[in-house]
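Take a look at the structure set out below.
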Amino acid sequence: MPKQSPKNKVFIKKLTDILDVNLENEQFGVKELTEELGMSRSNLHRKLLMINGKSASRFIREYRLKKALVLLRENETTVSEIAYQVGFSSPTYFNTCFRQYYGYTPGEAKNRPVRSFDKSTSTFMMGSKVLNRKLILIFVSVIVCILISSYFVLPDKKEVLIKNKSIAVLPFRNLSNDTENKYYVYG
């Protein structure tokens, strides 16, 4: 993700302020956000992709999920109530989105340790699923690097076999009393 300039930080702050005001409004989406900002949907989409690599709808959903995590950790309210407080019309859809984003259910949020804290938005981020994907990617990258380097560093097995070419002839002994095995011994 590119480093945010002060101008981009102001724009993101403006977006989050608008989202805070309309957080409980489940009908508030990209269309309403663009109307509040006075810009087109495509313009907003391009700008958000440039700033943080997210579409406008994904930005809104993830912002709501971050706010939901804060509420889940601070309040004693139910998951359904929090889903409505952050603008999700369906608690089931909220549970699905929450689990996809953080890697665990909203009910487990209070018992889970905090992964990281985003100072710019004052919210908790990075679920275990994201962390696992990064670890898998790092592991696969290391394995690929090892295989590529071993291909170029280690000598070719065919060359080793050709250089050290030899034949060993060992005599056989008949250790059994069976005389029919003499054929194999002389073979």
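Brief remarks follow.
- Test: residue 76 is open to solvent by less than 30 Å² (accessible area, probe 1.4 Å) and among the acidic types (Asp, Glu): no
- Filter result (open to solvent by 60 Å² or more (accessible area, probe 1.4 Å) and over 17 Å from residue 24 (Cα atoms)) within the range 81-108: 96, 99, 100, 108
- Qualifying residue in the range 117-131 (condition: touching a Gly at 6+ places or on another chain (Cβ under 6 Å), open to solvent by 60 Å² or more (accessible area, probe 1.4 Å) and modelled with pLDDT under 60): yes
- Taken over the range 9-51, the criterion of being polar (S, T, N, Q), part of a helix (DSSP H, G or I) and over 21 Å from residue 67 (Cβ atoms) is satisfied by 42, 43.
- Filter result for residue 170 (modelled with pLDDT of 70 or more and farther than 30 Å from residue 71 by Cα): yes
- Residue tally, condition loosely packed, with under 11 Cβ neighbours inside 10 Å and hydroxyl-bearing (Ser, Thr, Tyr), over the range 1-16: 1
- Answer from 62, 26 - the residue that is modelled with pLDDT of 85 or more and either within 24 Å of residue 91 (Cβ to Cβ) or not aromatic (Phe, Trp, Tyr) (or both): 62
- Residues that are open to solvent by less than 40 Å² (accessible area, probe 1.4 Å) and within 24 Å of the chain's Cα centre (by Cα) within the range 17-53 comprise 48, 51, 52, listed in sequence order.
- Of all the numbered requirements in (1) more than 18 Å from residue 25 (Cβ to Cβ); (2) of a type outside the set (Phe, Trp, Tyr); (3) within 23 Å of the chain's Cα centre (by Cα), residue 67 misses one, and that requirement is (1).
The values are calculated or read from the model by the stated rules, or taken from the named source; none is laboratory data. Here the structure is a predicted model, which means the values were calculated and not measured. A quick note on method: Cβ atoms are made from the backbone with ideal geometry, for glycine too, and the neighbour counts reach across all protein chains shown. These area figures cover heavy atoms from the full protein model, side chains too; ligands, DNA and RNA do not enter into them. Shrake-Rupley method; radii C 1.70, N 1.55, O 1.52, S 1.80 Å.
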